[in-house]
Every structure is written in structure tokens, then in C-alpha cells.
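Reviewing the structure listed below.
The values are calculated or read from the model by the stated rules, or taken from the named source; none is laboratory data. Since we're looking at a predicted model, the values are computed, not measured. Backbone-built Cβ (ideal geometry, glycine too); neighbour counts: all protein chains shown.
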Amino acid sequence: MSIEFKNVSYIYSPGSPLEQKGLDQVSFKIKENSFTALIGHTGSGKSTLMQHFNALLKPTEGEITIAGYTINKDTSNKNLKQLRKNVSLVFQFPESQLFENTVLADIAFGPKNFGYSEDEAKELALKWLKKVGLDETVAERSPFELSGGQMRRIAIAGVMAYEPAILCLDEPAAGLDPRGRKEMLELFKEYQESGHTVILVTHNMDDVADYADDVLVMEGGKLIKHATPKEVFADASWLTAHHLGSPTAAKFAQKLAQKGLQLDDEVLTLNELTQALKAKMKAGEA
Amino acid sequence: MVQENIVSMRNVTFTYREASKPAVDNLNLDIPKGSWVSIIGHNGSGKSTITRLIDGLIASDNLEKSKIFIDGVELTPETVWDLRKQIGIVFQNPDNQFVGATVADDVAFGLENRGIARPEMVKRVAQALKDVGMDDYAKTEPSNLSGGQKQRVAIAGILAVHPQIIILDEATSMLDPEGRDEILHIVREMQKRDHLTVISITHDINAVNNSDLVAVVDDGKLLAYDQPDKIFSHTKLLREIGLDVPFFYQVRDSLEAAGVSVPSSISSEEELVNYLCQLNSKM
Ligand SMILES: Nc1ncnc2c1ncn2[C@@H]1O[C@H](COP(=O)(O)OP(=O)(O)OP(=O)(O)O)[C@@H](O)[C@H]1O
Ligand SMILES: Nc1ncnc2c1ncn2[C@@H]1O[C@H](COP(=O)(O)OP(=O)(O)OP(=O)(O)O)[C@@H](O)[C@H]1O
Ligand SMILES: [Mg+2]
Ligand SMILES: [Mg+2]
């Protein structure tokens, strides 16, 4: 079963002087169990789109099918609980998602809300606390008395703890330290590989190259490209025209090319760059 | 000439209420006037706490032993109100920053606080919003902005004030790469023109690379404080505490691991590119 958006438009404060178009005729289909990266400039509509996956926002026009639900402007707010158990969102600013008195209670809230017993929820909370790289000593602390990166980890744990089938992450790695960012992205990848769908908003092109198998590019509320990372990053002039960057390894390969070393394959990751360079050097030796 | 320090921290220790150990632990840090200093360190290492101490939002544990000087004046309960006017902080989460009902009101807030006359205020608000590319949103409610737009407005609020010291706590973490470069460029222009000091907390290695000095913080202690190239040459230390090393070091190490040897004397991206090109053309 796939996730499908059919001509979805969304207008903020319609009819008021502050009316603002959030999404403009967006259509796409993504496969279940895929890892999709959602990229685009500041204000291009990424968070607006993300909030449609679990009907926090409902289309002004058009229709969405997801996890057995059909969402359109007439969808009522009742009976959405099951949808939100299956499709969950980690917000761009995680503090807005925290509210319990202790870290443990905060992470356990989701599992409890979706039917786990008190004990099960607590166990899950402890498990996910560790998985996001925090230790038990923070369990009884207030989530509001933590550092920015620690709060973000807790918001992520709170959603992953009830294992939604479709995990939507809005810039989850912003503010994480480099090791934390890597560990967290590996965690999302592992989650996808164990049979879930992951949708990730990011400004980091290396994350797109390293982890995603599908890319959606937004601009001014419109979907302007839907392709694989290889396809997106292959078209240098298209990227420049839309003010999008390339992965670091690709930029490095460009510098080599400018100085006369042309690699045989397009490279997007450190590993690909290493292999291509090695092939070049070995070919020279032979 | 003795270099003037705009910030001097002496034996500063700070422990949060009910915490078992200090978040900032006997820290000594001098920040030269007019410099751009990056603070790096893992999550929870004490970076934001250091900036709260500098801004006088929290006070160190033992005021007898610890001292903080801002532009030569000791930070005390009496001086804090005046000193804070010289400092502009952009907080890690912009939602904690907004007070105004509209974007323009919000940017004006810091100016009102500092008693800037109305005509000058209007001019500065317009200019700051233009600088960060948010002039079309002057009448919008801050809560109705996208994440990156919020960060731009939070930065405009500081730029409008022209403070002596600008503190950016992950202030561009939600911006796209091009937008981040643009904004940092604007801050840098203003810094140079007005000889301002910038203290920037960031995990973005390119931004760190462009600073004058880098402070590496670990568990509330200052582990290293030096120019970026010197800091980045300690690849082992950086990896141990979970921080990034510049990409060319990663390429060098990855090539070594794959059996392509690279001289360890190579210490910049340009050198590595040139070396690889030469190696290739000799073959
Ligand atoms: N609650 C709201 N009310 C009115 N307009 C809004 C609201 N939220 C977002 N917008 C506007 O809709 C557009 C898209 O915003 P959105 O938050 O989806 O962008 P984004 O791609 O997530 O950007 P960023 O990378 O900065 O987070 C922007 O122009 C924004 O100002
Ligand atoms: N308000 C608070 N009350 C109690 N403890 C706190 C509070 N804020 C932070 N801490 C703790 O103090 C330590 C340092 O936190 P700080 O926010 O300075 O870290 P940081 O380096 O800015 O981290 P990050 O990169 O995650 O933002 C952490 O262990 C954190 O849990
Ligand atoms: Mg957003
Ligand atoms: Mg912080």
C-alpha cells in the first residue's frame, strides 16, 4: 500500500488579509517501507506538507490516502486516533511536543495513549531513552531542564516508542552534535529497514545522499521534483537554478574535476568517492 | 599591544538546581574584542549555559571566586542590567524569543527596551527585516512563520540593536545551506564594520572553520581554545568527543583505510586535491 497525495492544496487563514498559500496542487505517491527525504528552502512548504500526513492539517482541496485512511477537507477530527498511532510526526521544534513532568513520563505518554499498559509503557520508554543516546540518569528529570539537543532526542524517543508504521521527522537532526546526528540517522535507517516508512525533512544534502532512496523537492508550496537522490544530484544546472546544494562528496569530486581529475562515476557519498578514487589509482598502476 | 578582551571568564562554575554535577566547571575563557569565536561541544556539554552566564541570565555558584568581566566591567547584580544592553542573544529555540504580536513589533522590542527614538526605530526595523529577507512578513504573527523564517526574524531582532556582543546559539540550524551562508555573511559584514564580537554556538563545520577562534567544551570544561586549523588538526580528540573533522581529513582517512596512502603532512583541502591530481597525472 502506498501513500498518495492527489492535487493537495492548503491555504492558511483563507479569506483573511493574512491568507497564505501553504501547498499548491501537490501530487505524488510514495511506497511503503521507503526512506523519503523532503527538501526545499525556508518557507517552501515542507512542514505544511508533513502536517498533512497525520491530518494535523487537512487539505483545503484534494485528497490524501494513507494507512487505509482517506483525508480530505471533510474528514472529521473524530476517529483519527488510530491514524495517529500509525502515522506520527516529530515536530520541527521539539519543545512544543514535550509536556510531562519527567522525561520518562513524557516518552511513556505515547505508548500509554495508544493502549500499552503502564508497565509496558515504562519499559518501552526506558528502551527508547537509551536508543536515542541518553542514559537513565535523566529519566526522572523534567524535560524542560535539559539542553536543546537532549530535548530533541526525547521528542524523537516519545514518538518512536509506540513504533508508528509511518514515521515523519521534521528536521530531527537540527541541533544534534555530529555523533548524535549520525547515530540518530542510523537509527531511522534501521527503523525503515525493519519494516517501517520514514519521511525526513532535512537541509543536509549528505543525509539525503547517505540515507534516502526517494526525494521530494518543494518550492513555493509546489512539488518541483520527485526522484532518486542520484537523479536529483546528477543535474547540476537544475540544482543551481533552484538554489539547492550538493552533497559534500560531490562538491569534492567537482574540485577534483576542475583540476583535471575526472572520476568515472557520479559520487554522492564518502564511500563512493573513496571507491572511485581507488579505482582510478589502481587503473593507473595496472 | 595588549589585546582587549570583551569577555573574560575567571574560574566560573555553575550548577543547576538539584543537579549532581556542575554544567560549567571552573571555566576560564577570554574573548578578544572584535573576534568571531565558535563554541563547539556535544549535546549537554554546557555551551548554552556559558552564554546564559555571559548574559547574566544566571549567576555562577560562588560569586567570591568566580568573576565575569564584560568590556572590563565586572558582571554583578548591580551592573547586569546595563551590561546586558550590550549583548544580543539569539536563543536556540526562536519560540522562546518572540514577544511581539507581529514580526515588526518583535524586532522593535529590543530597540524600545534600549530607549531608541521612534523614527530611528522604524528605520532600523525595516533595514534589519530587509537584511534577513523578511520584509514581506512585517505584519505576520511570529507563530505563523516557518522554522527558518522564525530564525531569520530572531536574527533581525539582534541586528537591529547593533549590540557590542552578538551571541548566536544554533541560530541558523533550520536554514537551508544557501540561506545560512547569506545570513552569516550579513552578520559578518556588520561585525567587521562596527567591530562587534560574535560568539557562535554551532555544529556546522564550515561556520566553525570561518571563525577566528574555536573553543571546544566538554562536560563544562574548556578542552581546547585555538584557531580553527589548529583545533581541526586534533582529529583524534575531536572524534573521541564525537565532533566532526573537516571533510578532507575524512577523505584522507578513508583512502588510507582503502589502501591508498596519503602523506600525513597534508593539512588542507586544496593540498589534498592537488596531491590526488598529481598522483593521477603521473600514472
Ligand atoms: N500557521 C501558519 N499561518 C500562516 N502561514 C503559515 C503558517 N505556517 C506556515 N505558514 C507559511 O506557509 C509557508 C510554508 O511554511 P512551512 O512551515 O511549510 O515551510 P517549511 O518548508 O517547513 O520552511 P522551513 O524550512 O523554514 O521550516 C511559509 O510562507 C509560511 O510563512
Ligand atoms: N534549565 C536547566 N535545569 C537543569 N539542568 C539543565 C538546564 N538546562 C540545561 N541543563 C543541563 O546542563 C547541562 C548543560 O546544558 P547546556 O544546555 O548548557 O548544553 P549545550 O552544550 O548547550 O547542549 P546542546 O548542544 O544540546 O544545546 C546538561 O546536562 C543539561 O541537561
Ligand atoms: Mg519547516
Ligand atoms: Mg544548547
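Could you check region A:233-286 and list, in sequence order, the residues that are more than 9 Å from every other protein chain (Cβ to nearest Cβ), of a type in the set (A, V, I, L, M), surrounded by 13 or more Cβ atoms within 10 Å (Cβ to Cβ) and not in a helix (DSSP H, G or I)?
A:LEU263, A:VAL267, A:LEU268
Tell me, yes or no, whether region A:35-55 has at least one residue that is under 20 Å from B:GLY44 (Cα atoms) and either surrounded by fewer than 23 Cβ atoms within 10 Å (Cβ to Cβ) or more than 16 Å from ligand 2 (Cβ to nearest atom) (or both).
Within region A:35-55 (the criterion being under 20 Å from B:GLY44 (Cα atoms) and either surrounded by fewer than 23 Cβ atoms within 10 Å (Cβ to Cβ) or more than 16 Å from ligand 2 (Cβ to nearest atom) (or both)), the answer is no, since none of the residues qualifies.
Can A:ALA157 be described as within 14 Å of chain B (Cβ to nearest Cβ), at pLDDT 95 or above and touching a Phe, Trp or Tyr at 6+ places or on another chain (Cβ under 7 Å)?
So A:ALA157 fits the description; yes.
What number of residues within region A:122-148 are in a helix (DSSP H, G or I), hydrophobic (A, V, I, L, M, F, W, C) and free of Cβ contacts under 8 Å to residues at least 40 places away in the same chain?
Count: 6.
Among the residues of region B:155-174 satisfying the criterion of being more than 15 Å from ligand 4 (Cβ to nearest atom) and within 15 Å of the chain's Cα centre (by Cα), which is nearest to B:GLY133 (Cα to Cα)?
B:ILE155
Which condition does A:ASN113 not pass, out of (1) surrounded by fewer than 16 Cβ atoms within 10 Å (Cβ to Cβ); (2) within 15 Å of ligand 1 (Cβ to nearest atom), if it passes all the others?
Every listed condition holds for A:ASN113 apart from (2).
Can you name the residue in region B:141-155 that is surrounded by fewer than 18 Cβ atoms within 10 Å (Cβ to Cβ) and among the polar types (S, T, N, Q) and, of all such residues, is nearest to ligand 1 (Cβ to nearest atom)?
Residue satisfying both the conditions and the ranking: B:ASN144.
In region B:98-141, how many are assigned to a helix (DSSP H, G or I) and not polar (S, T, N, Q)?
Number of matching residues: 26.
Against the definition (assigned to a helix (DSSP H, G or I) and more than 12 Å from every other protein chain (Cβ to nearest Cβ)), how does B:ILE158 come out, yes or no?
Taking the combined requirement at face value, the residue satisfies it.
Looking only at residues in region A:173-196 that are within 16 Å of ligand 1 (Cβ to nearest atom) and touching a Lys or Arg at 6+ places or on another chain (Cβ under 7 Å), which one is farthest from the other protein chains (Cβ to nearest Cβ)?
A:ALA173
Taking only region A:1-34 into account, find how many residues are surrounded by fewer than 16 Cβ atoms within 10 Å (Cβ to Cβ), under 18 Å from the mean Cα position of the chain (by Cα) and not in a loop (DSSP other than H, G, I, E, B).
Of the residues in that region, 2 qualify.
For (1) surrounded by fewer than 14 Cβ atoms within 10 Å (Cβ to Cβ); (2) away from ligand 1 (no atom under 16 Å from the Cβ); (3) over 18 Å from the mean Cα position of the chain (by Cα), each residue gets a yes or a no:
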residue: B:PHE14; (1), (2), (3): no, yes, yes
residue: B:ARG17; (1), (2), (3): yes, yes, yes
residue: B:PRO32; (1), (2), (3): no, yes, no
residue: B:SER48; (1), (2), (3): no, yes, no
residue: B:ARG52; (1), (2), (3): no, yes, no
residue: B:GLY56; (1), (2), (3): no, yes, no
residue: B:ARG84; (1), (2), (3): no, yes, no
residue: B:ASN96; (1), (2), (3): yes, yes, no
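I need the full set of residues from region B:226-266 which are within 26 Å of B:ILE31 (Cβ to Cβ) and not in a helix (DSSP H, G or I), in order please.
Correct list: B:ASP226, B:GLN227, B:HIS234, B:ILE241, B:GLY242, B:LEU243, B:ASP244, B:VAL245, B:PRO246.
Scan region B:123-134 and tell me whether some residue there is at pLDDT 95 or above, away from chain A (no Cβ under 14 Å), in contact with a helix residue (DSSP H, G or I) (Cβ under 8 Å, 6 or more places away or on another chain) and within 16 Å of ligand 1 (Cβ to nearest atom).
Yes, there is a match, as at least one residue in region B:123-134 is at pLDDT 95 or above, away from chain A (no Cβ under 14 Å), in contact with a helix residue (DSSP H, G or I) (Cβ under 8 Å, 6 or more places away or on another chain) and within 16 Å of ligand 1 (Cβ to nearest atom).
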